[in-house]
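Trainee: Sharing a structure, written as C-alpha cells. Questions coming.
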Amino acid sequence: MTAQLIDGKALGAAIERGLKADAEEIGGRRGAPHLVVIIVGDDAASHVYVRNKQRACERIGIKSTRYDLPRSCDPEDLMELIERLNEDEEVDGILVQSPLPPGFDEVMVTEAIDPRKDVDGFHPVNLGRIVTGKLDGLLPCTPSAVIRMLESTGEALSGKRALVVGRSRIVGMPAALLLAQRGVDATVTISHSKSQDLRRLCLESDIIVAAVGRPGMIEADWVAPGAIVIDVGINRISVDGAGKLVGDVEEGAFERASWMTPVPGGVGPMTIAMLMSNTIRAASMRP
Ligand code: GUN
C-alpha cells in the first residue's frame, strides 16, 4: 500500500480563500483584522516562521504588525508591551513567537495575553474551554490543523484508536483532547518519554499523531498497514552536508499508511491557516 497524501498546502490554501472573504467583510465594517506578532531574539527558524505568518496575513487581507525585541531585553519590557496591546482597541490578535530566550517564562507570558486576543489558543482559559467541550473559541492552531487534516480524508474517525506521541502543552495534550471530543469520538492514547513499548502502541493504532520533535523517531514498520499518520514534526537535519526538513515518522511509512502528511507541506501550512482563522475569529468576536 502507498499512502494517499494529506496535502496541507492545498488544504491551507482553500481555507485561506474562504478567510479572505471574511477579512473583507470585517474590513468594510470596522477596519481590517489586525494581528501583532512579537519575536524576541534571533532564533533563525523563528524568523522564518514569523515571515511565513506575515505573508499569510498579506494574502488574506489581515493587517500585521511585528515587534522585534532584542534577546537582551528585560522580560518586564515584553510584559509591558503585551499589556499595552491588550488595551489597544486596534489590535485583534497577539502572538509571541516561541521559543523565548533563556530567562523568559513562556507560561507567564502566555497568561499575560488577553484570552480574547490569544490567537495561538495557548492561554489556560482557551485550553480549559476544550475540556468543557466548548469548541467555538480560539483553539490551539496545530491541534486544530491535525483534526482538519484527519477530517479531510473522509475516513470515519469515530471509535478509531488514536495514538498521540508527545504530551506538550501546545500540541500533544490539546490534540488528544480534540480527538476525544464528542463528534470526533476517537479512542485516545497519549504516549510520552516514559511510555513502554512505543512500537507496540503504534502497531495497535488506526491513527498516529507524532509530535515529539525527533527526526524519524517513529520507524516505518511501526505503522500498521492502512493506518493514518499525521506527522507534526519539523526537524532540520543534515544530509551529505545539505540541510533537509524531515518529520518524526520515517518516510518509509508512506508504503504502509493509507493516508499520511508530508514534511514539509503538511501540518506546517495548515497550522498557519488555522492561525489566520483564529485571527478572523478574534476580530469577529470583538465589537
Ligand atoms: N513556535 C513554533 N510554533 C509556534 C506556534 O504555533 N506559535 C508560537 N507562538 N510560537 C511557535
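Trainee: Working out 0.36 nm times the residue gap between R286 and D221, then minus their Cα-Cα distance, what length gain in nm do you get to one decimal?
Mentor: 18.5 nm
Trainee: Separate question: Calculate the all-directions average of the projected area of region 1-124's alpha-carbon convex hull, and give it in nm².
Mentor: Average projection, Cα convex hull of region 1-124: 9.6 nm².
Trainee: Can you list the residues, at least 5 places off or on another chain, whose amide H is less than 5 Å from the amide H of R161, using H built in the peptide plane?
Mentor: For R161, the qualifying residues are T187, D206, I207.
Trainee: Another question, then. Report, in whole Å, the centroid distance computed from the Cα atoms of region 124-140 and region 209-287.
Mentor: Result: 23 Å between the Cα centres.
Trainee: If you count the DSSP beta bridges with both ends in the chain, what percent of them are antiparallel, to the nearest 5?
Mentor: In the chain, DSSP labels about 15 percent of beta bridges as antiparallel.
Trainee: What is the percent of Cα-Cα separations in region 160-243 that go past 20 Å?
Mentor: 32 percent
Trainee: Additional query: What does the accessible area of C73 come to, in Å² to the nearest 10, when a probe of 1.4 Å is used?
Mentor: Probe radius 1.4 Å; accessible area of C73 about 20 Å².
Trainee: For K134, go through the aspartates and glutamates and keep the ones whose alpha-carbon is under 20 Å away, minus same-chain ones fewer than eight residues off.
Mentor: E111, D114, D118, D120, E151, D185
Trainee: Calculate the dipole size of region 95-210 relative to its Cα centre from +1 charges on Lys and Arg beta carbons and -1 charges on Asp and Glu beta carbons; express the result in debye to the nearest 20.
Mentor: That gives a dipole near 240 debye.
Trainee: Can you tell me the orientation of helix 75-87 relative to the chain, as the angle in degrees between its alpha-carbon axis and the longest Cα principal axis, to the nearest 10?
Mentor: Between the helix axis and the principal axis of the chain, the angle is about 70 degrees.
Trainee: In a Debye calculation with equal point scatterers on the alpha-carbon sites of region 131-287 and no solvent, what is log10 I(q)/I(0) at q = 0.09, 0.11, 0.21 Å⁻¹?
Mentor: Treating every Cα as an identical point scatterer, log10 I(q)/I(0) equals -0.28, -0.42, -1.42.
Trainee: Charges at C-beta only: +1 for Lys and Arg, -1 for Asp and Glu. How large is the resulting dipole of the chain about its Cα centre, in Debye rounded to 20?
Mentor: 620 debye
Trainee: What full-extension length gain, to one decimal in nm, is calculated for D105 and R30 as 0.36 nm per residue of separation minus the Cα-Cα distance?
Mentor: So the chain would gain 23.5 nm between D105 and R30.
Trainee: Highest first, please rank the peptides 97-108, 264-275 by the mean number of other Cβ atoms sitting within 10 Å of their residues.
Mentor: Result, highest mean first: 264-275, 97-108.
Trainee: May I pose another question? For the pairs K160/K244; K53/K117; K9/K53; K9/K63, flag any whose C-alpha to C-alpha distance is greater than 24 Å.
Mentor: Where the Cα-Cα span goes over 24 Å, the pairs concerned are K160/K244.
Trainee: Using the Kirkwood radius over Cα pairs, work out the Stokes-Einstein diffusion coefficient for the chain at 4 °C and 1.567 mPa s, in µm²/s as a whole number.
Mentor: Answer, rounded: 66 µm²/s.
The values are calculated or read from the model by the stated rules, or taken from the named source; none is laboratory data. Computed from a predicted model, the values in this text were never measured in an experiment. Methodologically, a virtual Cβ is constructed for each residue, glycine included, from the backbone with ideal geometry; neighbour enumeration extends over all protein chains shown. Only protein heavy atoms, including side chains, enter the accessible area calculation; ligands, DNA and RNA are left aside. Shrake-Rupley method; radii C 1.70, N 1.55, O 1.52, S 1.80 Å.
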